[in-house]
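**Student:** Here's a structure for you.
The values are calculated or read from the model by the stated rules, or taken from the named source; none is laboratory data. These numbers were taken from a predicted model, which means no experiment stands behind them. No Cβ is skipped: glycine too gets one built from the backbone with ideal geometry, and neighbour counts run over all protein chains shown.
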Amino acid sequence: MQMSAVETSISNDDFSDIFDIETSSGLSQDCIKRILPICNFNDTTCYSDTSCTVCLQKIKNGQVGRWLPKCKHIFHVECIDGWLMRHPSCPICRTHVS
């Protein structure tokens, strides 16, 4: 039995996809504040079972949140701001935010 070697070339993007690592840095706090809207949550802005996927807590009436315009996902401000300073993409769908 003879085995043949298959030539492969793996790029940094492949490693990023395979190991779920970001090759770029996150966003600055100024950039986050400038490009991403803040909203006050109430019964009309979120469903009763809406949760922040960063902290896994329910988003409650009266809390301040931030939504990502490209993908429409909603999070607590503190949670998503911390995430975006480390990763420039949505924690749910990985859509780049800027």
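Per-residue answers, yes or no, for (1) more than 16 Å from the chain's Cα centre (by Cα); (2) among the acidic types (D, E); (3) at pLDDT below 55:
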{"site": "T8", "(1), (2), (3)": "yes, no, yes"}
{"site": "D20", "(1), (2), (3)": "no, yes, yes"}
{"site": "D30", "(1), (2), (3)": "yes, yes, no"}
{"site": "N42", "(1), (2), (3)": "yes, no, no"}
{"site": "Y47", "(1), (2), (3)": "yes, no, no"}
{"site": "K58", "(1), (2), (3)": "yes, no, no"}
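**Student:** Further, regarding this structure: Consider the range 88-98. How many of its residues are within 10 Å of the chain's Cα centre (by Cα), under 15 Å from I35 (Cα atoms) and of a type outside the set (A, V, I, L, M, F, W, C)?
**Tutor:** Going residue by residue through the range 88-98, those that are within 10 Å of the chain's Cα centre (by Cα) are 88-97.
Applying the additional criterion that residues be under 15 Å from I35 (Cα atoms) yields 88-90, 95-97.
Remaining after also requiring of a type outside the set (A, V, I, L, M, F, W, C): 88-89, 95-96.
Residues that pass the stated criteria total 4.
**Student:** Exactly one of these conditions fails for S24: (1) at pLDDT 90 or above; (2) surrounded by 10 or more Cβ atoms within 10 Å (Cβ to Cβ). Give me its number.
**Tutor:** With (1) at pLDDT 90 or above; (2) surrounded by 10 or more Cβ atoms within 10 Å (Cβ to Cβ) applied to S24, the lone miss is (1).
**Student:** In the range 27-37, how many are touching a residue at least 24 places away in the same chain (Cβ under 8 Å) and under 16 Å from K70 (Cβ atoms)?
**Tutor:** Number satisfying all stated conditions: 6.
**Student:** Please determine, by comparing only the residues of the range 67-87 that are among the aromatic types (F, W, Y) and over 14 Å from I35 (Cα atoms), which one is nearest to the chain's Cα centre (by Cα).
**Tutor:** That would be W83.
**Student:** Starting from the range 49-66, keep only residues that are under 18 Å from P37 (Cα atoms) and without any contact (Cβ under 8 Å) to a residue 60 or more places away in the chain, then list their pairs with residues that are among the polar types (S, T, N, Q) and part of a loop (DSSP other than H, G, I, E, B) whose Cβ atoms are within a distance under 6 Å, requiring at least 6 positions of separation or different chains.
**Tutor:** I59/T50; N61/N42
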